[in-house]
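The values are calculated or read from the model by the stated rules, or taken from the named source; none is laboratory data. Nothing here was measured: the structure is a model prediction, and the numbers come from that model. Because the Cβ atoms are built from the backbone with ideal geometry, glycine has one as well, and the counts that use them run over all protein chains shown. Just so you know, the surface numbers come from the protein's heavy atoms only, side chains and all, with ligands and any DNA or RNA stripped out. Shrake-Rupley method; radii C 1.70, N 1.55, O 1.52, S 1.80 Å.
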Amino acid sequence: MRPSPTRLRGPLLCLLLALASTALLPACGQLPRPFQPEGKAVDLKALAARQTLYVLPASGIGSSGGAFAEALANALEAQGLRATTSGDPGNRVVVTRARLDPAGQQAELALVAEVSEPDGTPLASSAGARQVPAAAWDASPREVLTSLANGVAADLAYQLAPAPIEQVALPGFPGARVVVLPISGAPGDGADSLPTALRAELEDRDVPLARDPEPQDLLVAGRVEVQPDGPGAERATITWRLLESSAGDAAGAGDSAATDEGTGREIGRVAQSNRIPAGQLDGRWGQIARQVADYAADGLLDLIEQAASEPR
C-alpha cells in the first residue's frame, strides 16, 4: 500500500503533491547524494550474471557432451537468451543428461535439460528422445546434437519467457494512457535521461504508456530549474505537471515544441528540490535520473488516484 499522498517521501528527498494548484516548494537540507532514496541501489553486475544461462557439458555422451553444450548455448542465444559455456557463480545453470542407446542401424538419443537458479531452485526443464541413424551419429554427432539443441532451446525459451504484463486501467480515466512530454530546462543529458527514466519507472508499475497523445490521455510535463544556492552549491528543482490531454495536444503530437509544456487542464504537480554541488548535473545524470524518476512515478500515481476520487 502506498503512503498517504500528503506524506513527504524519504529522508533524502522533498516531494510535494498539489492537486490542481500551485504551491511553494519546501526547502531541503544539504544532502550528500542528491535525490537518492535509501535502499534503491541495484547491483547491475549481479543482475546481468543472474540473467545469463551457464550451460554445462551434457553427461552420458562422452566427449560429445561439450559439443552439445556449445550447440545449446548458441541455440539459446538465437532464442534471445544470454547463454555461455564458461560460467560465473551467479549464473542460472543448465544441466543436461543424455543417453544414447544403440539398436542396430538406429540409436535412440534421450536427453533431459534442466534450468535452475544459482541456489538450485528449478525454473524450467525439457525432455525428449529421437531416433538417430547410427551412421549419421558416427559420421557427424555435432550435426545431430545441433538439431536436437535447437528443439531444446525453443522449449526452454518458451518456459523462461516473462509472463505478459497486463496493463491496468488508470482509475478515473477510462482508456487513458500516460504520455511523458519532453523535459525543459534540464542541464547535461537530463533532457534525454529524465523522460527515459520516468517512462521506465512507470512501465515497471504497469502503467499504460504512449508516445503520441490522444484526447483521452494524461500528459506529464517536466521542468528543471537550477539556481545558485550559496558558495559552490546550487538548488535543483524538478517539477512534474500532470495534465489532461486536449485536442491541441493530440493534434500537435508531432511537434515537440508544441508539447513541451502541455495545454490541457492541470490535475496536479509533483515537485522535487535539493541543494547539490555546483555543476553536478551538467554532464551525465546517470543514476540520479532513475532516482528522481522513481519518486516522481509514485507521486504521479498518487495524483491520479486523488483525481479519480475528486468530483470532476
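First measure r as the distance between the Cβ atoms of Asp282 and Asp204, then evaluate 1/(1 + (r/R0)^6) with R0 = 35 Å and state the FRET efficiency to the nearest 0.05.
Step by step, r from the Cβ atoms, then E = 0.80.
Determine the gain in length on full extension of the stretch Leu56-Glu117; use 0.36 nm per residue of separation and subtract their C-alpha separation, reporting nm with one decimal.
On the way: separation 61, 0.36 × 61 = 21.96 nm, distance 1.38 nm.
Additional length available on full extension: 20.6 nm.
Return the distance in nm (one decimal) between the two label points of a simple spin-label model at Ser86 and Ala233, each offset 7 Å from Cα along Cα→Cβ.
5.1
So how do 76-89, 117-130 stack up, highest first, on mean other-Cβ count within 10 Å?
On the way: 76-89: 15.5, 117-130: 12.8.
Highest mean packing first, the order is 76-89, 117-130.
Using a 1.4 Å probe, what is the accessible area per residue for segment 50-95, in Å²?
Numbers: 2110 Å² over 46 residues.
That works out to 46 Å² for each residue.
Quick one: Karplus J couplings for segment 145-151, per residue in order, coefficients 6.51, -1.76, 1.60, θ = phi - 60°, nearest Hz, x for Gly and Pro?
Residue by residue, segment 145-151 yields 5, 5, 4, 5, 4, 4, x Hz.
With θ taken as phi - 60° and the coefficients 6.51, -1.76 and 1.60, list the Karplus ³J(HN,Hα) couplings across segment 235-241 in order, rounded to whole Hz; mark glycine and proline as x.
For segment 235-241, the Karplus-derived couplings read 10, 9, 10, 10, 10, 10, 9 Hz, x marking Gly and Pro.
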